[in-house]
Every structure is written in structure tokens, then in C-alpha cells.
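One structure is given below, encoded as C-alpha cells.
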Amino acid sequence: MSRICVIGGGAWGTALAITAARAGATVTLWARDPKLSAAMQRDRVNDLLLPGYDLPEGISVTSDMAEAVRDADAILLVVPSQAIRDIGERVHAVAAPGVPVVLASKGIERDSGKLLTTVVEEAMPGHPIAVLSGPSFAAEVAAGYPTAVTIASSDVAENPTGSLAARLSLTLATPTFRPYISDDVIGVEVGGAVKNVIAIACGISKGLGFGTNTWAALITRGLDEMKTLAEALDGRRETVTGLSGMGDLALTCSSEQSRNMSFGKALGEQHSKEELLSNRRSVVEGVVNAVSVTDLAAKLGIEMPICSAVRSIVADGVEITDALQALLGRPLKAEPNALNVVLAHPTEENVPEYVSEILS
């Protein structure tokens with residue numbers, strides 16, 4: 001694939017465009033804002049969302065959708081998760097039939113509860129779909145730091161070397177950007193959607209002043225919530241232990257470079273959600289996906305207590321202290337694959353008082 005179109009002029013879209021150009025592709029980057037696209041084309045940098053990283057000569061920038069997708073061998077969708085349906089329909093209207101689409105956004109559609117690959121299938125019928133996900137801060141990818149991601153497509157099992165995922169991996173690979181292929185599209189998608197919600201929980205924990213014990217517990221139990229959701233949707237639990245699950249979770253929950261982690265930390269420090277979101281240019285995906293993930297879990301009849309606690313804080317108006325009391329007051333349970341027992345919490349009556357003492 002020699003001609004790549006990237007739809008989305010944010011930090012991650014810009015970083016992927018830079019990567020594709022470094023890999024030798026001719027790249028057209030579409031940005032919604034004509035002023036931003038004109039400035040990027042003229043100044044050869046995305047000063048607004050990814051400052052400090054020059055655009056290689058192989059990249060052209062436009063706000064004209066038809067121009068962007070013309071002659072593309074593959075189209076990368078890199079827009080906020082809740083915009084995928086609208087943007088996908090617009091791309092489908094002007095793209096050549098059958099051009100592969102690479103979903104590089106992470107989340108679940110809020111109104112329908114559908115995975116984004118399903119949304120793309122509905123918005124762009126007839127286009128083969130792959131998913132790109134993994135531990136990858138945009139600035140570090142743009143800087144050329146060694147990075148590994150997963151690209152998944154459903155045809156890998158039947159044709160590993162000729163699959164869409166394999167061809168995309170060859171197209172995007174550079175000495176420092178290493179894509180691994182998978183056939184578990186659902187497992188890869190679930191990891192990307194849930195990790196942002198868990199990152200908000202880790203950020204809240206840090207903002208409250210809790211230590212690494214709490215952080216380790218949140219990412220470990222958060223990983224189990226990822227596995228439970230993936231399995232309920234016919235994905236594989238082991239996929240979630242890979243780059244697109246555990247890898248992305250560890251990254252996003254470990255650094256304030258993560259929008260979701262830094263947002264959660266500010267919440268824990270008693271800043272209001274409205275204040276925090278009004279001051280941001282970029283989308284905090286975990287806020288909307290806390291709702292879409294837990295709504296989907298409810299439909300499937302599964303429990304995701306950490307995600308539910310985050311949802312209660314960011315969407316339902318529950319105070320952080322009350323959400324934490326509810327989370328810590330849950331009955332004790334065995335770990336997965338251990339004894340199938342559920343224990344009554346021996347100090348359940350004392351949990352609210354105990355949590356209040358910690359928070360004070």
C-alpha cells in the first residue's frame with residue numbers, strides 16, 4: 001500500500017501520518033478545520049495539537065474530504081469515537097468502493113452500545129476493516145521512540161501473510177514502529193475502549209493521594225474487567241493480555257501524558273468535571289466510554305465494578321467518596337480460575353467510616 005489517507009488531524013492522527021510517511025508511503029492527512037489544515041500544510045507542523053514534530057515532505061494536508069481519500073490504498077480513521085459514524089458516512093460517500101479502512105479510534109458508540117467496527121460496517125458497507133491499537137502516546141510515536149502496536153483483521157487466520165492486517169503492518173512498519181498482527185478484532189477493540197475508563201480511576205486514586213498499592217490493584221482488576229467484557233462479546237481473554245489490552249492499560253494508567261489519567265487526577269484533586277472539560281482541546285474518551293462500556297456490560301449481564309464506579313462519578317453525579325465506599329464495600333470474591341466462592345465482606349459495616357478516615 002503506497003498511498004495512505006489519514007482522517008483526523010488530532011495528535012494521534014498526525015503521529016500516524018508521520019509514521020506512514022517515514023515508512024515510505026505517500027500520505028494525505030485530513031483535518032476538519034480548514035484553518036488548521038492550511039496552517040499545517042504551510043508550516044509543516046501541527047502546532048495546535050502536536051507541536052514540535054515536523055511533517056515529512058511525503059505528507060499533504062487538506063480539509064477537503066474527497067481530495068483526501070482520492071486514490072488511497074487504505075484509509076485510517078483517527079477521530080473521536082462518537083464521531084466515527086458521521087465521519088465514516090462522509091468518507092464512504094466519496095471513497096472508492098472496497099478501500100480498506102483502519103480503525104485507530106478507541107471506544108464504544110454511546111447511543112447504540114456497538115463496537116466501533118460494527119459502526120464502521122454500518123456507515124461504510126463494503127470496506128474491509130482492520131483495527132490498530134496499543135500502547136502509543138502520540139508525541140512518542142512522532143519522536144520516533146520504539147513503539148509496538150497490534151493490527152487486527154478477521155482474515156488473519158485464513159491467510160496470515162496476505163491478510164489485511166499483515167499488509168498494513170508492512171505498510172506502516174519502521175525501524176521504531178513495530179506492528180504485530182492478530183485475528184481477534186473484538187479483543188483488540190475491547191482493550192482500547194475499557195483502558196481509558198480504568199485510567200480515569202487510576203488518576204482519581206493519584207489525585208486522592210493514594211499510593212502504588214491502589215494503582216496496582218486498579219490495573220489488575222481493571223484488566224479482569226477487560227477480559228470479562230471481551231469474552232462476553234466472543235473475543236479472547238488472552239488477547240487482552242497483549243499490547244492492545246495490558247500494554248495499553250499499563251501505559252495509560254502510568255503517565256499524566258494520558259488525557260484520561262490526568263483528567264482523573266484532577267477530579268481526585270476536587271476540580272469539577274465541567275471546568276476540566278471546558279479547558280481541553282482534545283477529547284477525554286474515558287468520560288463518554290464510562291457510560292457506553294457500563295451500559296453494554298448491563299445488557300450482557302456482566303459486572304464491571306471499577307468502570308461502574310467511574311461512570312457514577314463522571315456521569316451520574318455521585319461524589320468520589322461515595323463511589324469509593326460502594327466499590328470497597330463489595331463482597332470479597334475469589335480471583336478468576338480460583339475457588340468459585342463469594343465471601344461476605346467481614347467488615348462491610350465499617351467500610352464507609354474507614355474510607356472517610358482515609359480521605360480526610
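Per-peptide packing, taken as the mean over residues of other Cβ atoms within 10 Å, places 66-73, 211-218 in the sequence 66-73, 211-218 from highest down.
Long-range amide H contacts for Ala148: which residues qualify at under 5 Å (H placed 1.01 Å from N, peptide plane, sequence gap of 5 or more or a different chain)? Amide H to amide H, under 5 Å and 5 or more residues apart or across chains, Ala148 pairs with Arg178. Max-minus-min Cα coordinates of the chain on each principal axis give 65, 45, 36 Å, with the largest extent listed first.
In the assembled protein chains, Tyr53 presents an accessible area of approximately 60 Å² (probe radius 1.4 Å). In order along the range 86-96, the phi-based Karplus estimate (6.51 cos²θ - 1.76 cosθ + 1.60, θ = phi - 60°) of 3J(HN,Hα) comes to 4, 5, x, 5, 5, 5, 4, 5, 10, 7, 5 Hz; Gly and Pro are listed as x. Computed from Cα positions, the angle between helix 212-232 and the longest principal axis of the chain comes to roughly 70 degrees. With every protein chain in place and a 1.4 angstrom probe, the accessible-area ranking of His271, His127, largest first, reads His271, His127. Dividing the summed -39500 (n - 2.57) terms of all DSSP H runs of n ≥ 4 by the residue count of the chain sets its mean residue ellipticity at 222 nm at -14000 deg cm²/dmol. Under 5 Å from the amide H of Ile181 lie the amide H atoms of Ile151, each residue being 5 or more positions distant or on a separate chain, with H modelled from the backbone and absent for Pro and chain starts. Applying a 4.7 Å Cβ-Cβ cutoff to the chain, the cysteines left without a disulfide-compatible partner are Cys5, Cys307. Sorted largest first by accessible area at a 1.4 angstrom probe radius, with every protein chain in place, the residues Arg90, Arg311 fall in the order Arg90, Arg311.
Please say if the range 55-155 is rounded, prolate or oblate, where rounded means a/c under 1.5 for a ≥ b ≥ c the square roots of the C-alpha gyration tensor eigenvalues, and otherwise the choice is prolate for a/b larger than b/c and oblate otherwise? It is oblate, given that a/c is not under 1.5 and a/b is not larger than b/c. Cα-based radius of gyration for the range 171-299, normalised by 2.2 N^0.38 Å, reads 1.09. The alpha carbon gyration tensor of the range 131-243 gives principal lengths a ≥ b ≥ c with a/c of 1.5 or higher and a/b no greater than b/c, which makes the shape oblate.
Pairs of Lys residues in the chain are counted when their Cα atoms are under 13 angstrom apart and they lie 8 or more places apart or on different chains; the count is 6. Bridge orientation summary for the chain: considering DSSP beta bridges with both residues in this region, about 25 percent are antiparallel. Given the options Gly134, Gly268, Gly24, which has the most mean-square fluctuation in a GNM of the chain, springs set between C-alpha atoms less than 10 angstrom apart? Residue with maximal mean-square fluctuation among Gly134, Gly268, Gly24: Gly24.
The values are calculated or read from the model by the stated rules, or taken from the named source; none is laboratory data. Predicted model, so just to flag it, every value in this text is computed and none were measured. Note that we place each Cβ from the backbone using ideal geometry, even for glycine, and neighbour counts take in every protein chain shown. Quick note on the areas: whole protein, heavy atoms, side chains included, nothing else; ligands and nucleic acids left out. Shrake-Rupley method; radii C 1.70, N 1.55, O 1.52, S 1.80 Å.
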